[in-house]
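The structure appears below as structure tokens.
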Amino acid sequence: MRSIKEKYLALSGGIGGAKLALGLSRVLDGSALTIIANTGDDFEHLGLYISPDVDTLLYTLAGINNKESGWGRADETWNFFATARELGMESWFQLGDKDIALHLYRTNRLRQGISLSAVVQELASKLGIALRLVPMSDAPVRTMVDTEIGVLAFQEYFVKHRCEPKVKGIRFAGSETAQPSGGFRAMLEHPALCATIICPSNPLLSIQPILSLPGLEKKLSNSKAPVIVVSPLVRGQALKGPTAKMMQELGLGTGVPAIARLYQGIAQGIVIDSSDAAYSEQLEALGLQVLATNIVMETLADKIRLAEELVQFAREFSGQ
């Protein structure tokens with residue numbers, strides 16, 4: 001564990017972002033790292049407030065995630081889900097028994113008037129997580145996907161329909177009035193902020209909801225700290241999820257050049273896989289400094305190595 005004075009901010013979705021977040025948590029002192037979680041995926045189901053990306057980060061950072069699926073808890077049981085299905089209740093979104101306990105805790109605390117930020121911090125503390133995990137906003141922002149079969153709430157598109165319908169557009173309901181959470185704003189303005197890292201999460205579904213908050217892109221563009229993107233694509237394909245499919249359907253192109261264009265004007269650096277190193281010159285022409293390395297994180301050692309290289313890359317921007 002390295003103890004440093006600089007602060008790092010990481011914007012993250014679920015599985016891919018959580019892998020890098022875990023690596024960063026092993027490289028940086030807990031007080032140096034703040035993870036901003038996407039909450040555009042949040043929704044209410046069976047009376048419970050569910051926050052999938054927050055929970056994936058919580059479980060991963062606490063070391064209790066299901067490593068096979070990437071989501072949910074390890075050693076889970078499914079008695080509630082099985083009984084709900086027998087009773088004819090909606091069962092397209094799976095809820096494990098241990099997972100439900102966390103959802104119940106969060107739902108009850110929110111109904112008591114506690115902010116989402118405070119509830120997330122409580123849960124992180126109870127799970128022994130030292131770093132700061134902060135939702136992007138305490139106000140609701142909901143990702144809506146316009147598809148060939150109609151407008152779908154994110155979880156309906158992602159889980160119920162398994163990302164199969166062709167995507168025609170995406171919007172973020174509530175983002176016009178929602179504000180970044182207090183912890184998010186504080187880190188954006190922190191004088192010791194060394195870098196903002198955009199984790200290898202789906203740029204359209206996991207990062208754009210965060211960037212849709214009023215004034216946020218301008219804040220990042222004007223920040224003295226560099227913004228560094230870690231590509232979610234390797235050789236034009238996402239390791240998990242529908243990133244490449246959606247980008248192609250929306251006419252955005254594929255591969256790391258398309259990722260770079262999405263963040264043009266915000267990012268100063270990009271981390272790509274060594275197999276995509278041939279694009280380096282093209283990325284540099286877009287005004288980005290490039291780090292080409294192995295970005296596939298299969299083991300904890302992979303996550304730590306990438307985090308170490310990323311931190312060093314960030315520090316080089318400020319000549320430290």
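The values are calculated or read from the model by the stated rules, or taken from the named source; none is laboratory data. These numbers come from a predicted model, not from an experiment. We place every Cβ from the backbone using ideal geometry, glycine too, and count neighbours over all the protein chains shown. Accessible surface is based on the protein model in full, side chains and every heavy atom, while ligands, DNA and RNA are left aside. Shrake-Rupley method; radii C 1.70, N 1.55, O 1.52, S 1.80 Å.
For GLU249 and LYS67, the difference between the fully extended length at 0.36 nm per residue and the C-alpha to C-alpha distance is 62.5 nm. Each semi-axis of the equivalent ellipsoid for the stretch 1-156 is √(5λ) with λ an eigenvalue of the Cα gyration tensor; in descending order they amount to 27, 18, 16 Å.
Can you give the alpha-carbon Rg of the stretch 179-266 over 2.2 N^0.38 Å, where N counts its residues? Spell out each step's value before the answer.
Details: Rg = 13.8 Å, N = 88, 2.2 N^0.38 = 12.1 Å.
In units of the globular-protein estimate, the stretch 179-266 measures up at 1.14.
Can you figure out the FRET efficiency of ILE114 with ALA278, using R₀ = 41 Å and their beta-carbon distance, to the nearest 0.05? Write down the numbers at each step before the final one.
Numbers: r = 50 Å, r/R0 = 1.23.
Rounded to the nearest 0.05, the efficiency is 0.25.
Fully extending the segment from ARG235 to ARG85 would add 50.0 nm, taking 0.36 nm per residue of separation and subtracting the current Cα-Cα distance. In the stretch 121-225, the portion of solvent-accessible area held by carbon and sulfur atoms comes to 50 percent [1.4 Å probe, whole percent, DNA, RNA and ligands not counted]. In terms of overall dimensions, the stretch 25-117 has a Cα radius of gyration and Dmax of 14.6, 48 angstrom. Taking the Cα of PHE93, stepping 7 Å toward and past its beta carbon, and measuring to each backbone N in the stretch 162-185: which are under 16 Å? In the stretch 162-185, the label zone of PHE93 (backbone N under 16 Å from the point 7 Å along Cα→Cβ) covers 162-163, 173.
At a probe radius of 1.4 angstrom, the accessible area of the chain per residue rounds to 43 square angstrom.
Please report the carbon-and-sulfur percent of the accessible area for the stretch 1-93; probe 1.4 Å, protein heavy atoms only, DNA, RNA and ligands left out. It would help to have the intermediate numbers written out before the result.
Working: 1850 of 3800 Å².
Roughly 49 percent of what the probe reaches on the stretch 1-93 is carbon or sulfur.
Computed from Cα positions, the angle between helix 52-62 and the longest principal axis of the chain comes to roughly 70 degrees. The largest-to-smallest principal axis extents of the Cα set in the stretch 19-75 are 39, 25, 13 Å. Using 0.36 nm per residue and subtracting the Cα-Cα separation, the extra length available between ARG26 and HIS45 on full extension is 3.4 nm.
Of interest is the spacing of the C-alpha centroids, which for the stretch 22-84 and the stretch 155-199 amounts to 16 Å.
About its Cα centre, the dipole of the stretch 144-271 is roughly 220 debye, where the only charges are +1 on Lys and Arg Cβ and -1 on Asp and Glu Cβ.
Of the residues ALA278, ILE197, GLY47, the one whose Cα sits farthest towards the positive end of the charge dipole of the chain is ILE197 (charges of +1 on Lys and Arg Cβ, -1 on Asp and Glu Cβ, taken about the Cα centre). Taking a Cβ cut-off of under 15 Å around ILE272, the surrounding Lys, Arg, Asp and Glu residues balance to a net charge of -3, with basic ones at +1 and acidic ones at -1.
How large is the helix-only mean residue ellipticity at 222 nm for the chain, computed as the sum of -39500 (n - 2.57) over DSSP H runs with n ≥ 4, divided by its residue count, in deg cm²/dmol to the nearest 500?
After summing the helix terms and dividing by residue count, I get -10500 deg cm²/dmol.
Could you sort out which of LYS160/LYS219; LYS166/LYS224; LYS19/LYS168; LYS126/LYS218; LYS126/LYS224; LYS126/LYS245 sit more than 32 Å apart by Cα distance in this structure?
Values: LYS160/LYS219 36 Å; LYS166/LYS224 39 Å; LYS19/LYS168 30 Å; LYS126/LYS218 35 Å; LYS126/LYS224 34 Å; LYS126/LYS245 38 Å.
Exceeds cut-off: LYS160/LYS219; LYS166/LYS224; LYS126/LYS218; LYS126/LYS224; LYS126/LYS245.
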